[in-house]
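Student: Below is the structure I would like to discuss, written out as structure tokens.
Nothing in this text is a laboratory measurement; each read-out follows from the coordinates by a stated rule. What you see is a predicted model, and the numbers here were worked out from it, not measured in a lab. When we count neighbours, we look across all protein chains shown, and the Cβ atoms used for this are built from the backbone with ideal geometry, even at glycine.
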Amino acid sequence: MRPRVRNALLLALTVAAGSADAVSYLGLGRVFTANMTGNLVLLGVAIGQGQVAASLRSVIAFACFGMGVLVGARATERSTETAVWPTSVTLVVVAELGLLVAFTAGWEIAGDRPTVLALDVLIALSAGAMGMQTAAARRLSVAGVATTFVTGTLTSLIAELASVGPDWARSRRWAATLACIVIGAAAGAALFIAWRPGAPLVAMLVVGIVTSLAIGVTRRGVPSTSSG
């Protein structure tokens, strides 16, 4: 796999993360399942306002995201592959897709008025999937592209543009990352409003496409070397 293809797949996963966050925020009780920085702020707000239910949802999201990162990191870090896109990363993304499929099915079953238990399960599935995605992106080590959080990307972009000789290739990649998370959130929110049952499909389909492309490239066994 060429580095440009890898970067394009990471941008697609960023779209999926933006969509997952929009759907979780709008449909799962104002909680984020991909952006843990925002989720920790929401946790603090809920605690400060004495909103026990909201604080528990944030805790579930945080805990399951962490578990997803742990499982994904253990799976990818054991691999010694030096390929641009290692097989271990593909396996983690496949597992993420499985969680998103389960989330989509659970979302459909729960309907417009999910029970408290259903909300908790859905939050756990989405957060776990996003945690695994974060671990996969971390293994690829593309500077400034984490797919699920972009504060560091924004900081890097501004600092790079302020430098004497900015690296325009990296700057474009970071700007694209910021744009992709907005695009994903907009797509997820728009579908939530227009057709609520189909809201999770954006993230699931995007990750499914990334998975299919990654598997296809891995099977072809195209030789390549890693580069940033």
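Student: May I ask you to compute the full-extension gain from ALA186 to MET67, defined as 0.36 nm times their residue separation minus their alpha-carbon distance, rounded to one decimal in nm?
Tutor: On the way: separation 119, 0.36 × 119 = 42.84 nm, distance 2.73 nm.
That works out to 40.1 nm of additional length.
Student: As I understand it, the value is the acute angle between the Cα axis of helix 52-77 and the longest principal axis of the Cα atoms of the chain; what does it come to in degrees, rounded to 10?
Tutor: 30
Student: Provide the gained length on full extension for the span THR37 to THR80, in nm with one decimal, where the gain is 0.36 nm per separating residue minus the Cα-Cα distance.
Tutor: On the way: separation 43, 0.36 × 43 = 15.48 nm, distance 3.06 nm.
Between THR37 and THR80, full extension yields 12.4 nm more.
Student: Round to the nearest 0.05 the FRET efficiency obtained for TRP195 and THR115 when R0 = 25 Å and r is the Cβ-Cβ distance.
Tutor: Using R0 = 25 Å, I get an efficiency of 0.70.
Student: In the neighborhood of THR80, defined by Cβ-to-Cβ distances under 15 Å, what is the net charge if each Lys or Arg adds +1 and each Asp or Glu adds -1? Display every interim value, and only then the final one.
Tutor: Values: positive: ARG74, ARG78, ARG139; negative: GLU77, GLU81.
Neighbourhood net charge equals +1.
Student: From the residues ALA95, GLY188, ALA143, which one has its Cα farthest along the dipole of the chain in the positive direction, the dipole being from +1 and -1 charges on Cβ of Lys/Arg and Asp/Glu about the Cα centre?
Tutor: ALA143
Student: Testing the spin-label approximation: label points 7 Å from Cα along Cα→Cβ at VAL101 and SER212. State their distance in nm.
Tutor: Going by the 7 Å Cα→Cβ label model, 1.3 nm.
Student: If you don't mind, there's one more thing I want to ask. Take the Cα coordinates of segment 7-105, assign each an equal point scatterer, and use the Debye formula without solvent to give log10 I(q)/I(0) at q = 0.22, 0.23, 0.24, 0.25 Å⁻¹.
Tutor: -1.19, -1.25, -1.31, -1.36
Student: All other residues with a Cβ under 10 Å from the Cβ of VAL217 taken together, and with Lys, Arg as +1 and Asp, Glu as -1, what is their net charge?
Tutor: Residues near VAL217 contribute +4 overall.
Student: Turning to a different aspect of this structure: Can you give the direction-averaged projected area of the convex hull of the alpha-carbon atoms in segment 3-216, in nm²? Present the calculation step by step, with values, prior to reporting the outcome.
Tutor: Numbers: hull surface 48.4 nm².
Directional mean of the projected Cα hull area for segment 3-216 stands at 12.1 nm².
Student: Loop-only check: which trypsin sites (Lys or Arg not before Pro) in segment 5-112 are DSSP coil with at most 13 other Cβ within 10 angstrom?
Tutor: Working: sites: ARG6, ARG30, ARG57, ARG74, ARG78; in loops: ARG30, ARG78.
Those satisfying the criteria are ARG78.
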